[in-house]
Amino acid sequence: GTPQKHDPTFKGPIYDRGCTDIICCVLLVVAIVGYVVVGVVAWTHGDPRKVIYPTDSRGQFCGQQGTPNELSPAALPCPPPIQICVSKCPDRYMTYLTAYGNAASLEYYRNFCTAEFKDSGKAPIEVLKDRECPAMLIPSTPLARRCFPAIEAKKGVIMVGNETTYDDGLGHRRNVTELLEGAKKANVVLEARQLAMKIFEDYTVSWYWIIIGLVIAMVASLIFIVLLRFLAGIMVWVMIVMVILVLGYGIFHCYMEYAKLKGEAGSDVSLTDLGFQTDLRVYLHLRQTWLAFMIILCVLELVIVLLLIFLRKRILIAIALIKEASRAVGHVMSSLLFPLCTFFLLCLCIAYWASTAVFLSTSNEAVYKVFNESTCPFSGQTCNPETFNTSNVTKLCPDAQCLFAFYGGETAYHKYLIVLQFFNVFMFFWLANFVIALGQVTLAGAFASYYWAFKKPDDMPAFPLFSAFGRALRYHTGSLAFGSLVLAIVQVIRVILEYLDHRLKAAENKFAKFLLSCLKCCFWCLEKFIKFLNRNAYIMIAIYGTNFCTSARNAFFLLMRNIIRVAVLDKVTDFLFFLGKLLIVGSVGILAFFFFTQRIKLVQDTAPSLNYYWVPILTVIVGSYLIAHGFFSVYGMCVDTLFLCFLEDLERNDGSAEKPYFMSQDLRKLLKKTNKGQPDA
């Protein structure tokens, strides 16, 4: 934790450096190779059609292997429900018993029977027993390649096909409300699909206006960053004055309420005598309440004034660093586009993780089991439909059938699917954190090149961003893998805790819930700390080329030796970024609102006609926030890098001819530092 000693050869990010944390680099490469192998195995065994296409009672895909598209869940009152691939859903009520005696009805009914149904003079009871046809048909509507009862409400009465009752095929009349529960979720999905179609229509007519709004947000973000060079100080001091004025007004208001209640009956009752009241408005009629408010606000006002008196210089340093960061971004303009590269790599990670997860989850095979109505020792056992008719099961249990039950598997691969899914999640976190770390160390290297250039920008390398990116990949892949691995482990533990919390929601063990809540809180704090430590460690890696542990230790102790400066700079930058995001998102959002609601007369006829005007407005607002966040993340990394370089500069150098300061002239004037025998940078 000792300060850095002066190195006369140090001129910024070290170019003559070696590879760091090689073991972690090798481990990352091995893990990536294993991840690719898992993906190939998953893609070999998986079949996403199981998610998209429904299946019939034999496990065959509807719409595949020569079968029609829809699935009619016409169910017999015995497990499993008969499921048949059909070309279209039924549009009328009908039972097999009523259709059996009518040639036209039977021909229509044949569309909803299995391929084995030949109508060879079988008695209706035999056809239903062999599950060749459903017992009844219900008017249905197609949804996600499945047929659901066409439920509708007319004047508050639930109806299906204009009927309130139906024949269940067994000679009983049932109320259609019995179908309601089974189809409720389907109706929700149907309504969601209709909503999605309208939203899609809105996007088709407004997409170019949305893009224009996002471009405006991008330009506004860039202008705000440029203006910070000139307005950072004004914004901060205006904010401080506003806080003081608001607190002053609060004190005045509390005093007026306190004075107004003087002499009123019951206003002098103490809070202790009154006790706890569920109606909080009761407390507002007590003088003691307003006195307490006034004292609290006075203490806050006093604390803020004292902080301004004692931390004034540190606030000025924070403002100067923010202004310097604006200049640095101006000299490394390509840094503003670099988040697009990080975003693209993150999209690749997400796409690979999602596709692998889908293929792993659909790697199961069709499992067939024995189903029968009478007592049978083989009931529920797995079977092979191809050899079932020649097996002993049919001899001992003549009414038994080998039907598709579910997707599963009993091989070693299927048993370890959950392990492979866990590995998939872990690798996603590791690679995503690695991509973010690569972006941070690249930006840190570029901005450090700016700070340690004695004559800015003449002494900067020609392409600082690309130089920093090359150094990071060539020398420090292992260190980035180390930092991202530690963070990934903590994040996976948090995911496991969230899963356990979800499973224990219905549990009555309060101690277990309390312990789980404590663990979730602890690991949340740990994740925040590791992110903070990693960010500063990557800055030190970019500057000195040391390994991860050394960089993390040096960064941590450097910040601890300047903890007050760290706190002040952090809060000042947080405020400016919050103000910037609020200003950009708010302005663009208001502009989008007035445009898409056709309230701007100049472009009233240009605005598109929409089903839901909030669709493009919300898209513009969310997109504007992401754009502003991307710009400010670069700016925030620049501020943090310059701050660490500034602290290193103060500890390394003293302003002499041998050890000159590299900080800007404004910072030197603020700290009353000079470079003896050297011209100002």
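The values are calculated or read from the model by the stated rules, or taken from the named source; none is laboratory data. Treat the numbers as computed from the prediction; the structure is a model and nothing was measured. Neighbour counts are summed over all protein chains in view; Cβ atoms, including those assigned to glycine, are modelled from backbone coordinates with ideal geometry. Calculation scope for accessible area: heavy atoms of the full protein, side chains included, ligands and nucleic acids excluded. Shrake-Rupley method; radii C 1.70, N 1.55, O 1.52, S 1.80 Å.
Points to keep in mind about this one:
- Gyration tensor verdict on region 587-681 (Cα atoms; rounded if a/c is under 1.5, prolate if a/b is larger than b/c, oblate otherwise): prolate
- Listed pairs Lys129/Lys369; Lys456/Lys669; Lys581/Lys669; Lys571/Lys676; Lys323/Lys456; Lys313/Lys673 exceeding 24 Å between Cα atoms: Lys581/Lys669; Lys571/Lys676
- If you take all other residues with their beta carbon under 14 Å from the beta carbon of Val226, and give Lys and Arg +1 and Asp and Glu -1, the sum is +2.
- The orientation-averaged projection of the convex hull spanning the C-alpha atoms of the chain amounts to 46.3 square nanometres.
- Using a probe radius of 1.4 angstrom, the carbon and sulfur fraction of the accessible surface of the chain is 66%.
- Ordering of 313-321, 363-371, 133-141 by burial proxy (mean other Cβ atoms within 10 Å per residue, highest first): 133-141, 313-321, 363-371
- Neighbourhood charge, 12 Å Cβ-Cβ cut-off, centred on Phe514 and excluding it, Lys, Arg +1 and Asp, Glu -1: +2
- Per-residue ³J(HN,Hα) for region 492-502, Karplus 6.51 cos²θ - 1.76 cosθ + 1.60, θ = phi - 60°, Hz, x for Gly and Pro: 5, 4, 5, 4, 4, 5, 5, 5, 5, 5, 5
- Packing, as the average of other Cβ atoms within 10 Å across residues, places the peptides 630-640, 299-309 in the order 630-640, 299-309, highest first.
- Charge dipole of the chain about the Cα centre (unit charges at C-beta), most positive-ward option of Ile23, Cys518, Ala196: Ile23
- The chain: angle of helix 417-451 to the longest principal axis, Cα-based, in degrees nearest 10: 20
- Given their separation in residues at 0.36 nm each and the Cα-Cα distance between them, Tyr15 and Leu526 gain 180.6 nm when the chain is fully extended.
- Of the residues Arg131, Arg599, ranked by 1.4 Å probe accessible area with the largest first, the sequence reads Arg599, Arg131.
- Gyration tensor (alpha-carbon) shape descriptor, region 365-408, a/c threshold 1.5: oblate
- Contact order normalised by residue count of the chain, Cα under 8 Å, 6+ apart, percent: 19
- Local electrostatic count at Leu473 - Lys and Arg +1, Asp and Glu -1, tallied over other residues with Cβ under 15 Å: +2
- Karplus (6.51, -1.76, 1.60) ³J(HN,Hα), θ = phi - 60°, over region 349-362, in Hz, Gly and Pro reported as x: 4, 5, 5, 5, 4, 5, 5, 5, 4, 5, 5, 5, 6, 10
- In the context of the full set of protein chains, the chain has a per residue accessible area of 54 Å² (1.4 Å probe).
- Compared with the dominant principal axis of the Cα atoms in the chain, helix 177-260 is inclined by about 20°.
- Solvent exposure of Arg287, expressed as accessible area, is near 40 Å², computed with a probe of 1.4 Å over the protein chains only.
- In this rough spin-label picture, where each label sits 7 Å from Cα along the Cβ direction, the Lys601-Asn509 distance is 7.0 nm.
- Computed from label points 7 Å out along Cα-Cβ, the spacing between Asp273 and Lys88 is 8.4 nm.
- Global form of region 246-336, assessed from the alpha-carbon gyration tensor, a/c cut-off 1.5: prolate
- Degrees between helix 22-45 axis and first principal axis of the chain (Cα, 0 to 90, nearest 10): 20
- In terms of packing, defined here as the mean over residues of other Cβ atoms within 10 angstrom, the peptides 533-545, 450-462 line up highest first as 533-545, 450-462.
- Within the chain: Cβ-based charge dipole about Cα centre, in debye rounded to nearest 20 (Lys, Arg +1; Asp, Glu -1): 2000
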